[in-house]
Amino acid sequence: MTQTNPPPATLHERTSWEQTDKQQSFTRDIADIVTPGPSAQIAVDPVTLDECDDHDFPSGDPVWWHKNHYSTCYAGYDNLVKPASCPILCSPSINSFRLVVIGVGDTNVVPPGDTSAPVRKARFTIRTDTGQKSGPEPAPDSTLIQLRLDCVALDDSTCQNSQSGGVTKTLGELRAGFETSFDLTISGNGAFPDDPDNKTYYNTSLTITNFAPDYLPPEVKLPNDALRCDTSTYTYNVDTQRRDNGACIFTDVDAVLTYSKATGSPVKAVAEHIELAQTTPENTKPGGVGRIIPGAKESGRKLSRLVPELGVGRDDRYEANRLLAVANCIRFWGLNYSQGGTLDCDEYPFASTYEGAAYNLWNGGGTAVSFSSMPLDRSQNRAAGRALGIWYAVDHILEGDAFYVDIVG
């Protein structure tokens with residue numbers, strides 16, 4: 001089995017890989033968050049065994065399907081094959097079982113004032129069922145098969161596995177139906193001492209070993225999947241009034257936030273501004289020929305979250321983003337750009353990203369990267385801003401994490 005752009009095996013390569021484009025994306029419509037409802041449960045929606053079993057895995061897609069940042073899954077068959085041996089046995093013999101594997105990262109949220117230690121956990125669950133059985137000499141149902149889920153740390157942390165030695169069952173037991181879980185518990189310091197999120201990195205994989213010497217293949221190893229854990233505590237969901245307290249997520253999937261410009265959309269004005277900025281930056285303010293405003297998937301340039309609460313210059317950069325955006329509104333629409341408080345100065349890229357209005361200033365000037373700001377309906381702008389903060393929380397977008405913004409409708 002092969003996979004395009006698989007997770008690297010070294011820490012240095014992995015941290016660079018985290019920012020690259022992935023084959024899969026998880027899309028969230030911000031209107032689902034703006035509209036009142038159980039928004040905290042939107043992204044934290046763990047994949048189920050049945051859902052994974054029913055999922056279509058098109059040829060060319062990654063081996064692991066990521067429903068969202070918290071869920072990964074694989075479904076397929078393990079075939080034990082005895083090759084044909086003419087002239088006596090001129091057809092191969094096959095005995096197989098179906099395998100469904102789901103991995104769910106643990107998200108931990110606590111109320112303000114909670115002082116419990118952050119938790120970092122994930123669980124992989126495997127379910128088996130019957131498969132094909134044909135040919136003159138199919139592998140005996142007494143054949144022993146081992147299922148082993150590995151979690152390899154790329155740093156000095158520890159990934160403790162509840163069944164590190166794997167699980168061994170007979171082929172008959174697997175064909176009859178079997179289910180087991182591997183609980184992963186993370187401990188230790190982050191990969192980098194200056195990382196406020198204490199992030200740690202792992203490659204997870206599943207190995208299937210067949211102990212019947214006359215049947216092939218003796219071993220099947222699925223491609224690695226990318227697990228990242230952290231002890232972040234700063235992201236607060238104003239909807240649920242809960243904050244992060246550690247989590248584990250799968251990172252081989254792009255995060256995409258969508259804004260609808262359709263009639264009736266609660267963020268229509270904001271969506272139209274973002275689309276204008278992404279597609280024709282020369283028609284925005286401050287504008288300029290040859291300018292680039294990042295964030296659209298077509299641009300290949302992601303936005304990355306900036307968390308001012310973490311300090312160390314981040315707060316200054318966030319304030320600079322806001323000040324330059326507002327100064328731009330004043331420059332082109334005058335001191336009364338708010339029209340008596342009915343409009344806000346909306347900026348894109350967002351002030352809570354490193355690509356905000358101060359990007360050029362912070363990078364010494366002279367870059368082609370620009371921004372746009374303009375007066376927009378206050379209620380829409382503030383609803384969109386509130387929803388963005390909730391999305392950071394429910395999708396677990398941390399300091400420096402990259403994402404795309406897409407316009408639909």
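Key figures for this structure:
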item: The one condition in (1) assigned to a loop (DSSP other than H, G, I, E, B); (2) open to solvent by less than 40 Å² (accessible area, probe 1.4 Å); (3) of a type in the set (A, V, I, L, M) that I274 fails to fulfil; result: (1)
item: Contacts under 9 angstrom Cβ, first residue in segment 328-345 being at positive phi, partner surrounded by 15 or more Cβ atoms within 10 Å (Cβ to Cβ) and basic (K, R), 6 or more apart; result: G341/R378
item: Residue satisfying condition, being small (G, A, S) and within 23 Å of the chain's Cα centre (by Cα), within set G177, G190; result: G190
item: Whichever residue in segment 222-238 is of a type outside the set (S, T, N, Q) and assigned to a strand (DSSP E or B) and, among such residues, is farthest from H396 (Cα to Cα); result: D225
item: Residue that is modelled with the highest pLDDT [pool: residues in segment 20-49 that are part of a strand (DSSP E or B) and buried (at least 16 other Cβ atoms within 10 Å of the Cβ)]; result: F26
item: Odd one out for D244, checked against (1) under 12 Å from the mean Cα position of the chain (by Cα); (2) buried (at least 19 other Cβ atoms within 10 Å of the Cβ); result: (1)
item: Selection within segment 182-209 - of a type in the set (D, E), open to solvent by 10 Å² or more (accessible area, probe 1.4 Å) and either free of Cβ contacts under 8 Å to residues at least 24 places away in the same chain or in a loop (DSSP other than H, G, I, E, B) (or both); result: D194, D195
item: In segment 100-115, residue nearest to the chain's Cα centre (by Cα) [restricted to those that are more than 18 Å from T128 (Cβ to Cβ) and not β-branched (V, I, T)]; result: G105
item: Flag if R148 is open to solvent by 60 Å² or more (accessible area, probe 1.4 Å), modelled with pLDDT of 95 or more and either in a strand (DSSP E or B) or under 30 Å from D197 (Cα atoms) (or both); result: yes
item: Segment 50-61, subset under 9 Å from A75 (Cβ atoms) and assigned to a helix (DSSP H, G or I), residue least open to solvent (accessible area, probe 1.4 Å); result: C52
item: Pick from segment 210-221, criterion part of a strand (DSSP E or B) and open to solvent by 20 Å² or more (accessible area, probe 1.4 Å), ranking: nearest to L306 (Cα to Cα); result: K221
item: Residue match in segment 125-133 (condition: within 22 Å of the chain's Cα centre (by Cα) and not in a loop (DSSP other than H, G, I, E, B)); result: yes
item: Test: residue in segment 73-81 that is open to solvent by less than 60 Å² (accessible area, probe 1.4 Å), assigned to a helix (DSSP H, G or I) and modelled with pLDDT of 80 or more; result: no
item: Qualifying residue in segment 377-384 (condition: under 14 Å from V307 (Cα atoms), modelled with pLDDT of 95 or more and not acidic (D, E)); result: no
item: Filtered residues of segment 286-312 (kept if part of a loop (DSSP other than H, G, I, E, B) and within 25 Å of Q23 (Cβ to Cβ)); result: P294, G295, A296, G300, R301, K302
item: Close pairs (6 angstrom Cβ cut-off, 6 or more residues apart or separate chains): closer than 18 Å to D29 by Cβ in segment 370-387, part of a strand (DSSP E or B) anywhere; result: N381/D344; N381/D346
item: Where a residue in segment 280-301 is within 23 Å of P375 (Cβ to Cβ) and open to solvent by 40 Å² or more (accessible area, probe 1.4 Å) and its partner, wherever it lies, is among the aliphatic types (A, V, I, L, M) and outside any loop (DSSP other than H, G, I, E, B), with Cβ under 8 Å and at least six apart; result: N283/L276; K285/M374; R291/V369
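So that you can scan it fast, the table gives a plain yes or no per residue for (1) at pLDDT below 95; (2) open to solvent by 50 Å² or more (accessible area, probe 1.4 Å):
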residue	(1), (2)
I94	yes, no
R98	no, no
V104	no, no
N108	yes, no
R123	no, yes
G135	yes, no
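The values are calculated or read from the model by the stated rules, or taken from the named source; none is laboratory data. Note that the structure is predicted; figures quoted are calculated from it, not measured. With ideal geometry, Cβ positions are generated from the backbone for all residues, glycine too; neighbour counts draw on all protein chains shown. The protein model used for the area step is the full one, side chains on, heavy atoms only, and it has no ligands, DNA or RNA in it. Shrake-Rupley method; radii C 1.70, N 1.55, O 1.52, S 1.80 Å.
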